[in-house]
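Here the structure is laid out as structure tokens; the discussion comes afterwards.
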Amino acid sequence: MRCILSELSELEHLISVRIMQEDAEAIYSLLKTERDSIVSLEIIPYYALFVQSCQEYMGEDFLPESSAKYIKDIRNHIKIYADSFGKSQKRVVSVDDAQDKDFKEHLRFRFLKKTNIHMNLGTYWTDDRQVVGNTQQLVDFFAVKSMFDSKLKEKNYQMGYQIGSFVSAIRDGFSGSSSYPIIERKYASSTINYYCDINTNKNNYLFSKELPKELNLFYLHLLCNMNFVKHILRPLFIDGNTWAFRVEYIVSYYTLRALERLKNFCENNKEIYIETKDILGIIKDGERIFKTQLRNCMMHYNLENAGVITFGNINRPFYGIVENCFDGMRYHDYLPALHSLSDKIINYLEKQFDFSNVKLKKL
């Protein structure tokens, strides 16, 4: 028995390392091909998730201290809206106020600062009119104090350099023990071609007039996260790529939790009212998809003593982890279920807006 447990422990370790290697290869393939500046910025939190998770598994920081903290902070932003809605509400208002002040201060003439003619929110869209990102969320993710900071370009370059160096080091470090994983891509690259700028303090075609500004922003940030994964990240790989699967799982999970926190807030406070029926349906579906055992594996690389690896399922996709967590349910059956839940969340968020009159401009 002790021998079997020792063999299983060694297998769990090897699979943990192999999954890190596969994710590193997926990210490396993107670092070689993605040149669109908006795509490159939007995807950094998921690169940061990889870097931080690897460092946690290996038990030390391999990046310089300042970069390590910055990467960790960016990673943590993936789950910020899953805090209590009261905190999220204050956060989106604070960022909006800061951006409003930032752009207002850079108007050329002082008298214009009282006219409210400036724009303080930029949104990014795909060719088929899917909103996939916005400037206020990026400013929050990267702790940008001013969009006009002359040091921003160098700071972003250094962050990209540190991430790229780390990914390359992981690839090289593991290459001696096993071959490079094969990453199949559907497309060589992705671009975001359209934008729409607004002033959040004025009536606009982007926000719902029936919702307060902070709830419009909250919904918009969640929708941008979900849409970026669905319309930009996932299509770059064949369906089933495990790194894209991990990212979709994590983003969907924290978006669901954010909606749950909103529901709880509205049930206990009279200042905001929303219909909670659809959110309750999403939460119910999530209970079947987001089991604790699998969730821990998706958030972290350490599979040792997690009870998700068995000798019998080791040759299945994703090393049989899904089968072991869901009583034999196959990985390729679980994926459509996750996609379906993601779509349900996106549909709920999209219903909060009417984008039909939004006028897009070419970047």
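The values are calculated or read from the model by the stated rules, or taken from the named source; none is laboratory data. Just so you know, these numbers come straight off a predicted model, no measurement behind them. Virtual Cβ from ideal backbone geometry, glycine too; neighbours counted across all protein chains shown. We work out accessible area using only protein heavy atoms, side chains counted, and drop any ligands, DNA or RNA first. Shrake-Rupley method; radii C 1.70, N 1.55, O 1.52, S 1.80 Å.
Scanning the range 292-306 turns up at least one residue that is open to solvent by 10 Å² or more (accessible area, probe 1.4 Å), farther than 18 Å from GLU56 by Cβ and modelled with pLDDT under 95. Applying a threshold of 7 Å to beta carbon distances and a minimum spacing of six or more residues, or different chains, the list of pairs starting in the range 34-57 at a residue that is on the phi > 0 side of the Ramachandran plot and touching a residue at least 12 places away in the same chain (Cβ under 8 Å) and ending at one that is of a type outside the set (Phe, Trp, Tyr) and in a helix (DSSP H, G or I) is empty. In a residue-by-residue description of the range 310-333, the property of being surrounded by fewer than 19 Cβ atoms within 10 Å (Cβ to Cβ), within 30 Å of GLY86 (Cα to Cα) and either touching a residue at least 40 places away in the same chain (Cβ under 8 Å) or not small (Gly, Ala, Ser) (or both) applies to no position.
Remark: pairs (first residue in the range 215-240, open to solvent by 10 Å² or more (accessible area, probe 1.4 Å); second residue modelled with pLDDT of 95 or more; Cβ separation under 6 Å; 6+ apart in sequence or on different chains) = ASN225/VAL251; HIS231/THR126; HIS231/GLN130; HIS231/VAL132; ARG234/ALA244.
Evaluated against (1) at pLDDT below 95; (2) in contact with a Phe, Trp or Tyr (Cβ under 6 Å, 6 or more places away or on another chain); (3) not basic (Lys, Arg), GLN352 falls short on exactly one condition, (1).
Annotation: of all residues in the range 199-214 being crowded, with 19+ Cβ neighbours inside 10 Å and in contact with a strand residue (DSSP E or B) (Cβ under 6 Å, 6 or more places away or on another chain), the one that is farthest from PHE355 (Cα to Cα) is THR200.
Of the helices (runs of 4 or more DSSP H) lying entirely inside the range 257-363, those carrying at least 2 residues that are over 20 Å from the mean Cα position of the chain (by Cα) are 277-289, 321-325, 331-350. Taken over the range 47-101, the criterion of being of a type in the set (Ser, Thr, Tyr), farther than 27 Å from LYS32 by Cα and crowded, with 20+ Cβ neighbours inside 10 Å is satisfied by TYR81, SER88. Considering (1) of a type outside the set (A, V, I, L, M, F, W, C); (2) touching a helix residue (DSSP H, G or I) at 6+ places or on another chain (Cβ under 6 Å); (3) exposed (fewer than 13 other Cβ atoms within 10 Å of the Cβ); (4) modelled with pLDDT of 85 or more, the lone condition that ASP172 does not fulfil carries the number (2). Here ASN268, ASN296 are screened, and the one residue that is free of Cβ contacts under 8 Å to residues at least 12 places away in the same chain and under 25 Å from PHE50 (Cα atoms) is ASN296.
Conditions (1) open to solvent by 30 Å² or more (accessible area, probe 1.4 Å); (2) in contact with a helix residue (DSSP H, G or I) (Cβ under 8 Å, 6 or more places away or on another chain); (3) in contact (Cβ under 8 Å) with a residue 60 or more places away in the chain; (4) of a type in the set (S, T, N, Q), marked per residue:
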| position | (1), (2), (3), (4) |
| --- | --- |
| THR126 | no, yes, yes, yes |
| GLN136 | no, yes, yes, yes |
| ALA143 | yes, yes, yes, no |
| LYS153 | yes, no, no, no |
| GLY164 | no, yes, yes, no |
| SER168 | yes, yes, yes, yes |
| ALA188 | yes, yes, yes, no |
| ASP197 | yes, no, yes, no |
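Checked against the criterion of being at pLDDT below 85 and of a type in the set (S, T, N, Q), the range 122-145 has no qualifying residue.
In the set (1) farther than 25 Å from ASP36 by Cβ; (2) among the basic types (Lys, Arg); (3) modelled with pLDDT of 95 or more, the condition left unmet by LYS230 is number (1).
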